[in-house]
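One structure below.
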Amino acid sequence: MSPTFTVVSLHAHPDDETLLTGGTLARAAAEGHRVVLVTATAGEAGLADAGYGTGAGLAQRRHVELGGAAAALGCHRVQLLGYADSGISGEAGGNRAFSRADIDAAAAVAALLIGERADVLTVYDAHGGYGHPDHVAVHRIGRRAAKLAGTPVVLEATVDRTSLLRAATAVHRLPGIPADFAPERLADAYSARAEITHVIDVRRHCRAKRSAMRAHTSQFTGGADRRALAVFAALPPPLFRAAFGREWFIERQRQQEGSTPTDDIFASLR
């Protein structure tokens, strides 16, 4: 009988868990592992139409959406850390902004890791993917927490930049595609293919990932452009599997030049 493990997945805002790691979390849960979702903020500084509220009202709405997404992915526990959303510019949230958090936040995450006897922690790459201050903080605080807790495996959720640029080049001029998909905006985002140690096949779990995306309805609209989440959730199933059927991670301890990425987030534990 194969061993079971506990994976804790640390994220900045509701919906991040689905976009970057949703398929991997759904696969882990389906394979009998314990999946714990930790979200630093309620995303109250995110874009949303007025009907979804602002500030505390939007935070409450996004908290409910997070619960729906976590249920779709099969997560066993959802924990909000209670920090404030820093906003894309990093100027929101005041003293409670997650981007300004330090040792107290790391200690709180470490305590959770110890309590859960976590085998794996997922964070983000050092760029925070596309540079959001709260995403950069997930990398910094998560790695410190894992060291404090002695968590053996830390995986940095990312995207293969080569695949991302290829997809953006193919679709960015299509009607309804957000301006954020312009290839020039993504030239330095996420990670180079040579850095990636894990390419996780999640095609069998795309239905769960799609359902989780659709739970975050407040993030479908807001601002001048159609939001990326709305575009993704509306893709026909074959296109959705092609776009979201793989997820990428970096495990620094496994990096060896020329090595083939593994399809198992627990490979270093087996």
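Coordinate-derived values only; no laboratory data. On a predicted model such as this, the values are computed, not experimentally measured, just so you know. Cβ sites come from the backbone with ideal geometry, for glycine too, and all protein chains shown count toward neighbours.
General remarks:
- Segment residue 270-residue 207, length gained on full extension (0.36 nm per residue, minus Cα span): 19.9 nm
- Segment residue 252-residue 31, length gained on full extension (0.36 nm per residue, minus Cα span): 77.1 nm
- The value of relative contact order for the stretch 68-222, using C-alpha pairs under 8 Å at least six residues apart, is 25 percent.
- Distance from the stretch 17-90 to the stretch 124-154 (C-alpha centre basis), Å: 17 Å
- For the stretch 8-116: relative contact order, % (alpha-carbon pairs under 8 angstrom, 6 or more apart): 28 percent
- For the stretch 1-151: Kirkwood Rh in Å [reciprocal of mean 1/r, alpha carbons]: 15.4 Å
- Pair residue 64, residue 95: separation of 7 Å Cα→Cβ label points (nm): 3.2 nm
- The relative contact order of the chain, computed from alpha carbon pairs under 8 Å that lie at least 6 residues apart in sequence, is 23 percent.
- Ranked by how many other beta carbons lie within 10 Å on average, peptides 37-47, 193-203 from highest: 37-47, 193-203
- Assigned charges on the beta-carbon of Lys, Arg, Asp, Glu; the chain dipole about Cα centre (debye): 580 debye
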